[in-house]
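Reviewing the structure listed below.
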Amino acid sequence: MGYNKPDFSSLEFKSVLTAGMGVFTDGYELYAISLVFYYIQKEFLLNGLEEGIVIASAYYGAAVSAILLGFLSDKLGRKFIYGLDVALMSLGILFQSISTNFAELVMSRIILGFGIGADYVLSPIITAENSNPKNRGKRMIVTFALLWGMGAVTAAFVEQILLLVNMENDLIWRIVLFMGILPAISVFYLRRKIPETYKFLTRIKPKPEELKKLEKEIKSKVAISPDEVPFSKRFVSAIGITIISSILWLLYDMYSSTFAIYGPITIAGNLGLNPIEFTYLAQFLAGLPGQIISIYLVDKIGRKPLIVIGYAGVAFWLFMYSILLMDPYYFGLKIHISNPLKAAESLTGEAALLGLSFYLMNYLSSAIGPASIIGSAMLTPELVPTKVRGTSQAISVAVDRLAAAFSITAFPLLLAKFGLPVLLGIYSIIALVSCSITLFLIPETKGVELS
């Protein structure tokens, strides 16, 4: 076997499949909790603080595991950790489905979070390190944004089936959450068999057995070019861009996680939709079309233009929704909002439809740029050297998951105190700030070879 041009097609397909099914599980479980939360709340009689803790507990677990396992992936290899993440997710899924009280449910979701945190670190890295630079963007979006969304839709579909067969309420939430174990288990074997990543073997540690597997996979000999720069020096050089990309992800999830989790709980009911209908509507009319646009354009025009255009749309449509909730009169609607804290409940008829339209346009804008690129954990893996990619991504994941957990925990309390119009206005400002950070501080990585 000589130094022919490497054929990455098979390796890319396997990487997207094995990484993507883990992300599918992440999307399923993180979204399923919002769909079935009513049943959990009713069974365990949770107060407002306990509600936030239950939903956010997986995020806290993810932050802890990301730091530890991300660092180990730089020292021991990506494959060493791969498989452990879905094993932890499977345990958490099993335990939460048989929980009998608040404490057990929280602990099981923390274990689930341990697996999700590792997966958020490794899945985008493995896809990135095994992809041709010309196709890397679309591969990462399919792995993360597209399959996360499909996981969420599947959770809604599973609940719908259980409702159609008149399953008892105390079993619905347990079965819906438990079914997430199937995609996790399905890729465990593949994750243990996939070769160590191309970049880790060629730049960090060329393990002979793994090199043979890789060369067989890409039908070419592999040229080794070890990175001799010390880990500490690489890390210091990458810390600035790691912080910037972490802040961008943090800001993205400050608004997107609360919408993803509480959309079916709060917004759907205010629009006269049940959570399942809301999920289908949002994903198929806005989320999926936006992701398809992003997949088509990300390797043509680049990451930055899509993020900036998407965030501009998010800021505009959230601002419009906020104004509508504050005073529908500005849109020619004769509806009086007597209590700003209950503004969403006051929207009926044309006002409710207009509010839904603003929300869907916000979701479409986000899917075109921020959700598909920042939300796909694409920034840090593409911007930092291979030697510190796991550790840098771990920092981004930990910062993001903690911010998301705090936002999710605080959202019900902030909603009760300030109302949805104010929160939407704040989210609109966050979108504009993120747009500016991207425009001035983030380098373009379209077609750039990973260092």
Test: TYR38 is assigned to a helix (DSSP H, G or I), surrounded by fewer than 17 Cβ atoms within 10 Å (Cβ to Cβ) and of a type outside the set (A, V, I, L, M) | yes
Pick from segment 157-191 the residues that are under 21 Å from the mean Cα position of the chain (by Cα) and among the β-branched types (Val, Ile, Thr): which of them is surrounded by the most Cβ atoms within 10 Å (Cβ to Cβ)?
-> VAL176
Could you please find all residues in segment 242-292 being modelled with pLDDT under 85, of a type in the set (Gly, Ala, Ser) and closer than 18 Å to PHE144 by Cβ?
-> SER256, SER257, ALA260
With a cut-off of at least 1 residues that are under 30 Å from THR202 (Cα atoms), of a type in the set (A, V, I, L, M, F, W, C) and free of Cβ contacts under 8 Å to residues at least 60 places away in the same chain, name the helices (runs of 4 or more DSSP H) lying wholly within segment 91-170.
-> 102-129
Of the listed residues (ILE55, ILE93, ILE125), the one being crowded, with 21+ Cβ neighbours inside 10 Å and modelled with pLDDT under 90 is ILE55
Note: among THR143, THR202, just one is under 28 Å from PRO370 (Cβ atoms), among the β-branched types (Val, Ile, Thr) and either in contact with a strand residue (DSSP E or B) (Cβ under 8 Å, 6 or more places away or on another chain) or at pLDDT 90 or above (or both), namely THR143
Subset of segment 64-90 [small (Gly, Ala, Ser) and surrounded by 22 or more Cβ atoms within 10 Å (Cβ to Cβ)] | SER65, ALA66, GLY70, SER73
Among (1) surrounded by fewer than 24 Cβ atoms within 10 Å (Cβ to Cβ); (2) at pLDDT below 95; (3) hydrophobic (A, V, I, L, M, F, W, C), ILE111 falls short only on (2)
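The values are calculated or read from the model by the stated rules, or taken from the named source; none is laboratory data. Keep in mind that this is a model prediction, so the values were computed, not measured. Methodologically, a virtual Cβ is constructed for each residue, glycine included, from the backbone with ideal geometry; neighbour enumeration extends over all protein chains shown.
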